[in-house]
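So the structure is just underneath, and the comments pick up after that.
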Amino acid sequence: QSALTQPASVSGSPGQSITISCTGTSSDVGNYNLVSWYQQHPGKAPTLMIYEVNKRPSGVSNRFSGSKSGNTASLTISGLQAEDEADYYCCAYAASDTYVFGGGTKLTVL
Amino acid sequence: QVQLQESGPTLVKPSQTLSLTCTVSGGSISSSGYCWSWIRQLPGKGLEWIGYICYSGSTYYNPSLKSRVTISVDTSRNQFSLKLSSVTAADTAVYYCARRDGYNSYYFDFWGQGTLVTVSS
């Protein structure tokens, strides 16, 4: 099991949209629609933002959306706000009740 | 609203066993469908799933840690625990407990605040 690949950092200005990619393999991301995304502010626990590729838990802004194509999942944040500045992690189910996370992406709002 | 809270020693000596407990409030740890997880974050690095124990008592572990990990549950106290044996400095991390949502759900919806465990002599 290897960690999913995410860009180390992305940035955008307030109001813009950004996309964070998450690349896995045909054994995890590509094999199941079971990718989730987590937001983590410094010193805080991760919080669930997207599950099952593109579903939002109640209370999560509709500015957050997810998608998947082949072995790559993506998180898009539209209408960037200062409060979106955080680390983002993807996670994929990888069969036999195991999971693999990405290395994380630091989002900077300029 | 479910809440989780980690507790346990924050300093462990190399070769010893790391032991942590997660106390669950706002819901029963025995509720059908849920699994109770441990996830860690190495310093300055990403997250790593350690494993979980489900309501049925079944356990599932990260293959890379499986030989050293035991997760158990104490339903009378609404707690579950992690034991990681033969630790080294590479096991220094923030350890989180989290809930995997119900049946046919494969994501973690509630997390504890995390506890930093340092492995050092």
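The values are calculated or read from the model by the stated rules, or taken from the named source; none is laboratory data. If you're wondering where the values come from, they're calculated on a predicted model, not measured in any experiment. Note: ideal-geometry Cβ built from the backbone for every residue, glycine included; neighbour counts use all protein chains shown.
Can you confirm whether residue B:67 is free of Cβ contacts under 8 Å to residues at least 24 places away in the same chain, more than 12 Å from chain A (Cβ to nearest Cβ), in a strand (DSSP E or B) and of a type in the set (Gly, Ala, Ser)?
On the way: free of Cβ contacts under 8 Å to residues at least 24 places away in the same chain: yes; more than 12 Å from chain A (Cβ to nearest Cβ): yes; in a strand (DSSP E or B): no; of a type in the set (Gly, Ala, Ser): yes.
Taking the combined requirement at face value, the residue does not satisfy it.
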For segment B:4-24, indicate whether the set of residues that are modelled with pLDDT under 95 and buried (at least 19 other Cβ atoms within 10 Å of the Cβ) is non-empty. no
Anything in segment B:79-95 that is surrounded by fewer than 18 Cβ atoms within 10 Å (Cβ to Cβ) and either under 10 Å from the mean Cα position of the chain (by Cα) or within 16 Å of residue B:38 (Cβ to Cβ) (or both)? List them, or say none. B:83, B:85
Out of (1) out of contact with any Pro (no Cβ under 6 Å at 6 or more places or on another chain); (2) more than 22 Å from residue B:43 (Cβ to Cβ); (3) among the aliphatic types (A, V, I, L, M), the odd one out for residue A:3 is which? (2)
Is segment A:79-96 home to any residue that is within 24 Å of residue B:95 (Cβ to Cβ), surrounded by fewer than 17 Cβ atoms within 10 Å (Cβ to Cβ) and over 16 Å from the mean Cα position of the chain (by Cα)? yes
Enumerate the pairs (first residue in segment A:83-110 and at pLDDT 95 or above and of a type in the set (S, T, N, Q); second residue anywhere and surrounded by 24 or more Cβ atoms within 10 Å (Cβ to Cβ) and not in a loop (DSSP other than H, G, I, E, B)) with beta-carbon separation below 6 Å, excluding pairs fewer than 6 apart on the same chain, so at least 6 apart or on different chains. A:105/A:88
Which of the residues spanning segment A:41-58 are surrounded by fewer than 17 Cβ atoms within 10 Å (Cβ to Cβ) and under 30 Å from residue B:43 (Cβ atoms)? A:41, A:42, A:43, A:44, A:57
So residue B:83 ticks every box in (1) out of contact with any Phe, Trp or Tyr (no Cβ under 9 Å at 6 or more places or on another chain); (2) in a strand (DSSP E or B); (3) at positive phi but one. Which box is left unticked? (3)
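Go through segment B:96-121 residue by residue and tally those that are facing chain A (nearest Cβ under 7 Å) and either surrounded by fewer than 17 Cβ atoms within 10 Å (Cβ to Cβ) or in contact with a Leu (Cβ under 9 Å, 6 or more places away or on another chain) (or both).
Within segment B:96-121, the first condition is being facing chain A (nearest Cβ under 7 Å), and the residues that meet it are B:96, B:106-109, B:111-114.
Next, from what is left, pick out any that are either surrounded by fewer than 17 Cβ atoms within 10 Å (Cβ to Cβ) or in contact with a Leu (Cβ under 9 Å, 6 or more places away or on another chain) (or both): B:96, B:106-109, B:111-113.
Final tally of qualifying residues: 8.
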Only one of B:15, B:7 is within 14 Å of the chain's Cα centre (by Cα) and more than 12 Å from chain A (Cβ to nearest Cβ). Can you tell me which? B:7
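Select from segment A:34-73 the residues that are more than 13 Å from chain B (Cβ to nearest Cβ) and within 21 Å of residue A:98 (Cβ to Cβ) and write down the one among them that is farthest from the chain's Cα centre (by Cα). Break it down into steps so the answer makes sense when it comes.
Initially, segment A:34-73 is screened for residues more than 13 Å from chain B (Cβ to nearest Cβ), giving A:61-65, A:67-72.
Now drop any that are not within 21 Å of residue A:98 (Cβ to Cβ), which leaves A:68, A:70-72.
Numbers: A:68: 11, A:70: 16, A:71: 14, A:72: 11 Å.
Result: A:70.
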Out of the residues in segment B:29-51 meeting the condition of being within 12 Å of chain A (Cβ to nearest Cβ) and assigned to a loop (DSSP other than H, G, I, E, B), tell me which one is nearest to residue B:119 (Cα to Cα). B:42
If you go through segment A:22-33, how many residues are within 13 Å of another protein chain (Cβ to nearest Cβ), crowded, with 22+ Cβ neighbours inside 10 Å and part of a loop (DSSP other than H, G, I, E, B)? 2
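Listed here are the residues, each with its yes/no results for (1) within 20 Å of residue A:35 (Cα to Cα); (2) modelled with pLDDT under 95.
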site	(1), (2)
B:40	yes, no
B:46	yes, yes
B:57	no, yes
B:65	no, no
B:71	no, no
B:88	no, no
B:97	yes, no
B:104	yes, yes
